[in-house]
1. I'd like to compare 160-167, 33-40, 68-75: which one has the highest average count of other Cβ atoms within 10 Å, and what's the full order after that?
2. If I model a spin label at residue 242 and residue 53 as a point 7 Å from the Cα along the Cα→Cβ vector, what separation in nanometres do I get?
3. May I ask you to give the average projected area over all directions of the convex hull of the Cα atoms of the stretch 57-144, in nm² rounded to one decimal?
4. Taking just the alpha carbons, could you work out the radius of gyration and Dmax for the stretch 1-74, both in angstroms?
5. Let me cross-check residue 257: its accessible surface, 1.4 Å probe, with only protein heavy atoms counted, in Å² to the nearest 10?
6. If you bin the C-alpha pair distances of the stretch 75-220 every 10 Å from 0, what whole percents do you get?
7. Would you mind telling me which residue in 82, 28, 58 has the biggest mean-square fluctuation in a Gaussian network model of the chain, where springs connect alpha carbons within a distance under 10 angstrom?
8. Can you give the Kirkwood hydrodynamic radius for the stretch 129-193, in Å, rounded to one decimal and based on Cα pairs?
Amino acid sequence: MDVSTAMIRLLLIILYIVSCIRLWVAPWKYFQLNSPFFNEQRDIFSKLDMDQRIPEQWRLHQFLDIGNDEPQSYPVFVKPEWGQNSRGITRADDIQALTDIRLNRGDTKLNYLIQEAAPGKREFEIFIIPSTNSDNAPAVVSVTETINNSGEDYPVNGIYNPSTGYKDISNEFSGEQMLTLWQHLKPIGSFRISRFGIRANSIDALLAGKFHIIEVNLFLPMPLVLLCDSQRWETTLKFCVNTMWHLAKITKNIPPSQIHKPVFFKKLKHAKSLKLTTKLRSNNEHA
């Protein structure tokens, strides 16, 4: 993560805290926003749990890499059952590459998934915060296209990949089209903040529901529109202020009856374990 990304994250945190103070809501309730979807048995937001929520026509075949199951075709992506910003994800183009990935993983308590590669020529990230009103429209929605200049057909995109860039294409959608996207994704779950990774051949295909969902991010999902190179600072600031205000409003709406879950401390433990495992795998690959 570069300095600019860290600064944007800091700005979001500050604006969220300020918004919460203005609304008389505790900022630490942020970690309870999506806690109903937190798997207490695994202490994670499980990708497999999310997979079961995705309608079959948008779902990619994936399975836990713990037995003798082998992919039916290649390439495939090997990813932690929980992770952020593509950390720990690798691609296997054949059985030998998959074998090497498994050998270099080392002794880890982390579960890994094998996911088929998503068809579609273009990759999109859709960030959503629903409205606290009953008008059936999201309060915040942005569409960012992920651009990769490596020339690979199936790159592992993310903020840690120097070949990955982002382009804000939100203005290419009308208000009605944004509502169409929301209506596609809303039934997957009543998420209070989310970011969907999607592949489709075109914007028209995306709007028509002809796409596949790569991943649903529920924990600290950064709006990647803020990382677009062409984004003006004034536009970035305005988006941050508006987004954090609506996020504070929806935090205030968390019902007192919702069961509290120790999301933050559990995720901190898993994040540390994932970082160590990723470093170990990297050392093994270069040994």
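The values are calculated or read from the model by the stated rules, or taken from the named source; none is laboratory data. Note that the structure is a prediction, hence the values are computed from the model and not measured. Cβ placement follows ideal geometry from the backbone for every residue including glycine, while neighbour counts extend to all protein chains displayed. Accessible surface areas use protein heavy atoms only, side chains included; no ligands, DNA or RNA. Shrake-Rupley method; radii C 1.70, N 1.55, O 1.52, S 1.80 Å.
1. So the peptides 160-167, 33-40, 68-75, ranked by packing, come out 33-40, 160-167, 68-75.
2. Between residue 242 and residue 53, the label points sit 2.5 nm apart.
3. Computing the convex hull of the Cα atoms and averaging its projections yields 8.2 nm².
4. Both quantities, over Cα of the stretch 1-74: 18.7, 54 Å.
5. 100
6. For the stretch 75-220, the binned pair fractions read 10, 38, 33, 15, 4, 0 percent.
7. 28
8. Computed over the stretch 129-193, the radius equals 13.9 Å.
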